[in-house]
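The values are calculated or read from the model by the stated rules, or taken from the named source; none is laboratory data. Quick caveat, the model's predicted, so the values are computed rather than measured. Cβ placement follows ideal geometry from the backbone for every residue including glycine, while neighbour counts extend to all protein chains displayed.
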Amino acid sequence: MTGHMIDDAAARLRAAIPAPPELLLTLGSGLDGVADAVTDPIDVPVEDVPGLAASTVAGHAGVLRFGHLEGRAVMVQRGRVHLYEGHAVADVVAVVRIAAALGASGCILTNAAGGLDPSMTPGDVMVIADQINLTGTSLTADLLPDDLPFVDMAAAYDAQWRAAACATSIGPREGVYVGVRGPAFETPAEVAMLRSLGADAVGMSTVLEAIAARAAGLRVLGISSITNVHGPGVPTSHEEVLRAADAAAANVTRLLLEVLRD
Ligand code: HPA
């Protein structure tokens, strides 16, 4: 999406909502229920927004929901799109760029992720301390602000938000998220490699959106629901991922409401 298309999409949305969002909240696999906590919801199907791509994955409805969480105006992305569906990087980061064009100052990226640390349990929630982009791709200059072809990622995940998220009553852990392209879940050799790189959880989203968000000057909070934990002889299934994320959704909702309250 060119900058012009982003502006067109933002203009279309501005006409549909009473006030611009302060925050973008992107919901990962199995975390769609978090959107139920939004008050005064206004739903805009992604088909109605020029240039936005719809996700093809089960459990990813393509809707932008505008409303409030703890009194803050939010824009919730239900159904992000992924590289593994064949979508381009431009499509993956479009909603983040639109949120920035609407004047949002922050972005909360949630996802389902596989645990690499054997001490993890499915259902755990991990606050993202930092990321590794192993998707094999990244943003190109046409997707970045004209004045910022290089993006500082030295402190990509906002320190204050991380601390607030870690202090919530659900007692999350904190760790490094590695983003891969998918769609295959990791082999044992890849799990060993990702651990040796310093990653604590692996997933197929978030890292490109975080780069787009930082390029646009948005504060970023990242939350992973750990849906499966990699270990010797442990298979990984999409059904298991959705089931565990569903169970974690209530905890993720609580964490977000507590962070936004302060
Ligand atoms: N690997 C990659 N992506 C994932 C996983 C995983 O184990 N679980 C949920 N998303």
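Put simply, of Tyr177, Tyr157 the only residue that is within 14 Å of the ligand (Cβ to nearest atom) and under 22 Å from Thr253 (Cα atoms) is Tyr177. Scanning region 170-198 for residues being touching a strand residue (DSSP E or B) at 6+ places or on another chain (Cβ under 6 Å), within 24 Å of His87 (Cα to Cα) and among the small types (Gly, Ala, Ser) gives a total of 1.
Filtering region 114-136 for residues that are under 22 Å from Pro45 (Cβ atoms), crowded, with 21+ Cβ neighbours inside 10 Å and small (Gly, Ala, Ser) leaves an empty set. Considering Thr137, Thr121, which residue is away from the ligand (no atom under 12 Å from the Cβ), among the β-branched types (Val, Ile, Thr) and touching a helix residue (DSSP H, G or I) at 6+ places or on another chain (Cβ under 8 Å)? Residue meeting the stated conditions: Thr137. For region 11-28, a residue qualifies if it is surrounded by fewer than 19 Cβ atoms within 10 Å (Cβ to Cβ) and of a type outside the set (Lys, Arg), and the qualifying residues are Ala11, Ala15, Ala16, Ile17, Pro18, Ala19, Pro20. Of the residues in region 80-87, at least one is aromatic (Phe, Trp, Tyr) and either within 16 Å of the ligand (Cβ to nearest atom) or assigned to a strand (DSSP E or B) (or both). Listed by first and then second residue, the pairs with beta-carbon distance under 7 Å, at least 6 apart or on different chains, first residue in region 23-44 and in a helix (DSSP H, G or I), second charged (D, E, K, R), are Asp32/Arg78; Ala35/Arg65; Ala35/Arg78. Checked against (1) touching a Leu at 6+ places or on another chain (Cβ under 6 Å); (2) assigned to a helix (DSSP H, G or I), Asp91 passes all but condition (1). Say whether the condition of being within 13 Å of the ligand (Cβ to nearest atom), buried (at least 22 other Cβ atoms within 10 Å of the Cβ) and under 30 Å from Arg72 (Cβ atoms) is met by at least one residue in region 213-224. The answer is yes, given that some residue of region 213-224 is within 13 Å of the ligand (Cβ to nearest atom), buried (at least 22 other Cβ atoms within 10 Å of the Cβ) and under 30 Å from Arg72 (Cβ atoms).
Among the residues of region 214-244, those identified as closer than 17 Å to Met126 by Cβ and under 14 Å from the mean Cα position of the chain (by Cα) are Val220, Leu221, Gly222, Ile223, Ser224, Ser225, Ile226.
Once region 229-239 is narrowed to residues that are touching a strand residue (DSSP E or B) at 6+ places or on another chain (Cβ under 9 Å) and surrounded by 14 or more Cβ atoms within 10 Å (Cβ to Cβ), the residue that is nearest to Ile108 (Cα to Cα) is Val229. Taking Leu109, is it in a helix (DSSP H, G or I), within 16 Å of the ligand (Cβ to nearest atom) and modelled with pLDDT of 95 or more? Taking the combined requirement at face value, the residue does not satisfy it. Hey, any hits in region 164-171 for a residue that's more than 14 Å from the ligand (Cβ to nearest atom), surrounded by 21 or more Cβ atoms within 10 Å (Cβ to Cβ) and modelled with pLDDT of 95 or more? Yes, because at least one residue in region 164-171 is more than 14 Å from the ligand (Cβ to nearest atom), surrounded by 21 or more Cβ atoms within 10 Å (Cβ to Cβ) and modelled with pLDDT of 95 or more.
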